[in-house]
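Written out below as structure tokens is the structure these notes cover.
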Amino acid sequence: MTMISKALGRIQPSATMAMTGRVSELKAQGIDIIGLSAGEPDFDTPDFIKEAAIKAIRDGETKYTVVDGTMELKEAVAGKFLRDNNLTYATNQITVNSGGKHTLFNALVATLDEGDEVIIPAPYWVSYPDIVNFTGGTPVIVEAGADQGYKITPEQLEAAITPKTKWLILNSPSNPTGAAYSADELKALAAVILPHKNVMVMTDDMYEHIWYADFPFSTIAEVCPDLYDRTLTVNGCSKAFSMTGWRIGFAGGPVWLINAMRKLQSQSTTNACSISQAAAVAALNGPQDFLIERNAAFERRRDLVVSMLNDTPGLECPTPDGAFYVYPDASGLIGKTTPKGQVIKTDEDLITYFLDEAQVAAVHGAAFGLSPAFRISYATSEEILTEACTRIQRACVALT
């Protein structure tokens with residue numbers, strides 16, 4: 001008899017976090033590793049948010065809160081949805097959780113039974129299929145390559161829907177590709193979903209404010225009000241406000257779903273950290289002008305990395321619409337041989353080669369469901385990115 005549950009056996013450790021841990025180990029050994037695997041901004045949390053947290057501590061806001069968020073934070077979230085997305089949610093339609101991943105986990109665990117299907121466009125964030133697998137549900141992967149901008153088509157979506165389909169997960173801008181859906185593209189997908197009354201949509205909008213596209217950000221409940229009651233609009237403080245470690249995610253959705261997620265959370269984390277919740281109120285209600293300056297820095301970094309990778313033999317790197325990742329196609333490097341005589345058979349072989357020989361850490365495309373490719377986070381300085389891309393260029397040139 002094994003002591004480990006079957007549910008745990010259905011999932012794998014996060015590939016992105018595993019590589020981040022590996023980088024930390026190598027740096028601790030004094031090795032000059034450039035880590036481009038972590039999915040978090042290098043900018044610090046703004047001071048006005050920190051001060052709100054310090055004040056909350058001094059004011060004694062260190063007790064349990066309501067399971068799924070203080071009223072003050074729920075009102076701030078409702079204000080954010082109205083201001084940024086033209087979506088009206090009452091406070092009983094809002095949930096606050098310990099990070100965006102926790103929001104997604106709550107929603108999927110609260111709604112999926114064994115055999116229920118969830119449509120997940122690939123490339124996808126590494127946690128989506130594993131959370132579905134944990135519940136006993138079935139991930140239905142729909143591949144969207146670089147030739148279609150890493151975005152699924154209405155025809156692909158229609159072909160993937162079955163009587164067992166319960167959710168479609170949309171992540172725009174995307175982790176790992178930075179690809180984003182326009183309002184018209186979202187409307188076209190919504191037109192496919194609408195007749196299928198059993199299908200709900202989960203929108204992961206975590207990178208909403210890290211945006212460079214020449215069209216405005218949109219979310220599906222905004223552009224298709226008829227899907228409002230079947231949509232969970234997910235967001236959080238981690239990326240835009242550089243609050244990854246504070247662990248605040250939130251969502252707006254139908255009351256029945258929010259109630260179900262609250263029920264689950266009452267038997268897991270209870271509330272998100274009370275201090276982090278106070279900080280999140282300040283983040284959502286406070287000045288937003290710093291986002292413009294940070295976006296400009298991210299865009300310069302994006303252009304630098306895209307240019308250098310496209311000048312690298314064997315790589316083709318599309319230009320992202322948002323987020324802080326690039327996802328270059330590495331088809332031109334598969335089958336090549338390293339100076340030590342090892343054949344690059346997979347994109348995992350490739351990033352192992354980059355780590356060992358170029359001392360640059362990235363994440364292989366297979367972890368995101370579409371190979372051969374790899375993900376680089378450009379959430380670091382232009383100086384470091386230039387050095388990292390130069391190392392990658394040298395490593396690729398050395399392949400034969």
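The values are calculated or read from the model by the stated rules, or taken from the named source; none is laboratory data. Since the model is a prediction, treat every value here as computed from it, not as a measurement. Backbone-built Cβ (ideal geometry, glycine too); neighbour counts: all protein chains shown. Quick note on the areas: whole protein, heavy atoms, side chains included, nothing else; ligands and nucleic acids left out. Shrake-Rupley method; radii C 1.70, N 1.55, O 1.52, S 1.80 Å.
For the reader, a short list of remarks on this structure follows.
- Taken along the Cα-to-beta-carbon direction at a fixed 7 Å, the label points for Lys187 and Phe48 span 3.5 nm.
- About the Cα centre, charge dipole magnitude for the chain (Lys/Arg +1, Asp/Glu -1 at Cβ), debye: 1040
- Each part gets one Cα centre, and for region 67-128 versus region 243-287 those centres are 9 Å apart.
- Once C-alpha pairs closer than 8 Å and six or more residues apart are averaged by separation and normalised to the residue number of the chain, the relative contact order reads 22 percent.
- Panel note: the C-alpha atoms of region 87-153, placed on their principal axes, show extents of 42, 31, 19 Å (largest first).
- Mean sequence separation of contacting Cα pairs (under 8 Å, at least six apart), scaled by the length of region 182-246, corresponds to a relative contact order of 40 percent.
- Estimated FRET transfer efficiency (Glu158, Arg58; beta-carbon r; R0 51 Å; 0.05): 0.35
- In degrees, nearest ten, helix 183-193 long axis to first principal axis of the chain (Cα): 70
- In terms of overall dimensions, region 48-132 has a Cα radius of gyration and Dmax of 16.5, 49 angstrom.
- Here the sum of -39500 (n - 2.57) over DSSP H runs of 4 or more residues, divided by the residues of the chain, equals -12000 deg cm²/dmol at 222 nm, to the nearest 500.
- Candidates Thr103, Ile141, Gly341 compared by Cα position along the dipole of the chain: farthest toward the positive end lies Thr103, with charges placed on Cβ.
- Result for the chain in a Gaussian network model with C-alpha springs under 10 Å: among His364, His209, His196, the largest mean-square fluctuation is at His196.
- With every protein chain in place, the chain: carbon and sulfur % of accessible area (1.4 Å): 53
- Top positive-direction residue, dipole computed over region 233-338 with Cβ charges, set Met243, Ile258, Ala297: Ile258
- Largest GNM mean-square fluctuation among Ser14, Ser331, Ser268, using the chain with Cα springs under 10 Å: Ser268.
- Pairs exceeding a 19 Å alpha-carbon distance, out of Lys164/Lys187; Lys151/Lys239; Lys151/Lys345; Lys27/Lys101; Lys101/Lys263: Lys164/Lys187; Lys151/Lys239; Lys151/Lys345; Lys27/Lys101.
- Think of a 1.4 Å ball rolled over the protein heavy atoms: the chain then has 42 Å² of accessible area per residue.
- Rounded tilt (10° steps) of 290-310 against the dominant C-alpha axis of the chain: 30
- Inverse mean reciprocal Cα-Cα distance (Kirkwood Rh) of the chain, Å: 21.8
- Placing a label point 7 Å from the Cα of Ile334 along the Cα-to-Cβ direction, no residue of region 116-147 has a backbone N closer than 11 Å.
- Size of charge dipole - region 168-229 - debye, nearest 20, with Cβ of Lys, Arg +1 and Asp, Glu -1, no other charges: 180
- Degrees separating the helix 15-28 axis from the principal Cα axis of the chain, which is the longest one: 60
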